[in-house]
Amino acid sequence: MKKLFNATFEESLNLSDDTFVTFMNKDVNQLPDPTGGKKVVARVIGVLLLAFLIGINYLIAVISTKISAGELGPSPLPTPDINFLPMWLFYLLFCIWLTLVFIFRDRGEYYFTRIRGQFNLNLYIIWLVIEMNLLFITVFLKPLTILGMLFLLGLIGVVSYLVFKTKKRTIEYVLYEVERKKDKVDMLIDQVMKLAMKYGWGIVTVGILWKFVFPNSGEVRTDIFGVISMLGMWIAMDIVIIFAESYLYFPYLLHGYYKQKYAEQYRDLEGKTQIEWYGVKYFNKHIKGTDKEEKTKT
């Protein structure tokens, strides 16, 4: 792991050649920065969106609690003996997430604002995935038994390890410009991820339209087929998150790490002044009048 964080400035530039870093940079930076009245509107929308996201996690904990109490009506699955996501755990996870967001909050560096925002969004995704997995464990522990659950979680763990290890190795090769031929696993994963990025929104749009035209086609089934579908959905959700974290967020945030580590070198590379790079407020507060301030050449 040390190799990933010890690259020089010149070596860190190689990350820009990663297809997924390029995609994330383009996707994250495509929206313009709001100004004036639009900035206030953007903040209000941001607060409402944040409340909505937290509400989703709260709802998951409520559902887990009600399922454990047998309060959600008839089900082909037995009532769980253990609730792995009680309400107190939701509040604990919320406090941990809030603390981490505060620690890694935006400190005003203009060039780093969106990267930090994506990092904090990723913290929320991790919190959401933890809660979803605890909910599914609560629901399926009894029918799968302890051995079955351990096998399933172990399988997900092995997939996580292999996918992350593969991407880590690829990033190291990119960073240090090691010549190699991609193996079949790398090529397959790259193709799948590129197709997902290219056609993912199209698939989602088709799904929404299908639901609109055929509103009864997506009714939740409560028979054995519904149970198998839920189990498959759980596994698919975890695998999608594993790939997204390993192939999208991890290299993008690593690139952000180097952008902060070599902030001045990247600024010079992009040909921006310190005010353009850091923003007026951050420059006046942390750079102006210090040794960090760039002296005007005469």
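The values are calculated or read from the model by the stated rules, or taken from the named source; none is laboratory data. Just so we're clear, the structure is a prediction, and the values are computed from it rather than from any experiment. Reconstructed Cβ throughout: ideal geometry from the backbone, glycine too, with neighbour counts over all protein chains shown. SASA here: full protein model, heavy atoms, side chains in, ligands and nucleic acids out. Shrake-Rupley method; radii C 1.70, N 1.55, O 1.52, S 1.80 Å.
Projecting label points 7 angstrom from Cα along Cα→Cβ for SER75 and ALA236 puts them 2.1 nm apart.
Extension gain for PHE94 to LEU48 (0.36 nm times residue separation, less C-alpha to C-alpha distance): 14.9 nm. Heavy-atom accessible surface of PHE9, to the nearest 10 Å², is about 30 Å², with a 1.4 Å probe and all protein chains retained. Working note: Karplus 6.51/-1.76/1.60 with θ = phi - 60° gives region 102-115 the couplings 5, 4, 9, 5, 5, 9, x, 5, 4, 5, 10, 4, 6, 5 Hz, where Gly and Pro are set to x. Largest accessible area first, the listed residues SER75, SER246 line up as SER75, SER246 when surface is computed with a 1.4 Å probe on the assembled protein chains. For chymotrypsin sites (Phe, Trp or Tyr not before Pro), the sites in region 80-156 that DSSP calls loop and that have at most 13 other Cβ atoms within 10 Å are PHE104.
A Förster radius of 41 Å combined with the Cβ-Cβ distance from MET87 to LYS39 puts the calculated FRET efficiency at roughly 0.70.
Any idea what log10 I(q)/I(0) is at q = 0.21 Å⁻¹ for region 40-129, Debye with uniform C-alpha scatterers and no solvent? One equal scatterer on each Cα of region 40-129 leads to -1.05. The order of LYS3, LYS165, LYS259 by accessible area, most exposed first and with a 1.4 Å probe, is LYS3, LYS165, LYS259. With a simple spin-label model that places each label point 7 Å from the Cα along the Cα-to-Cβ direction, the separation between LYS288 and THR273 comes to 1.2 nm. Shown for region 27-112: the carbon plus sulfur share of the solvent-accessible area, taken with all protein chains present and a 1.4 angstrom probe, equals 72%. Convex hull of alpha carbon positions in region 1-151: directionally averaged projected area 13.4 nm².
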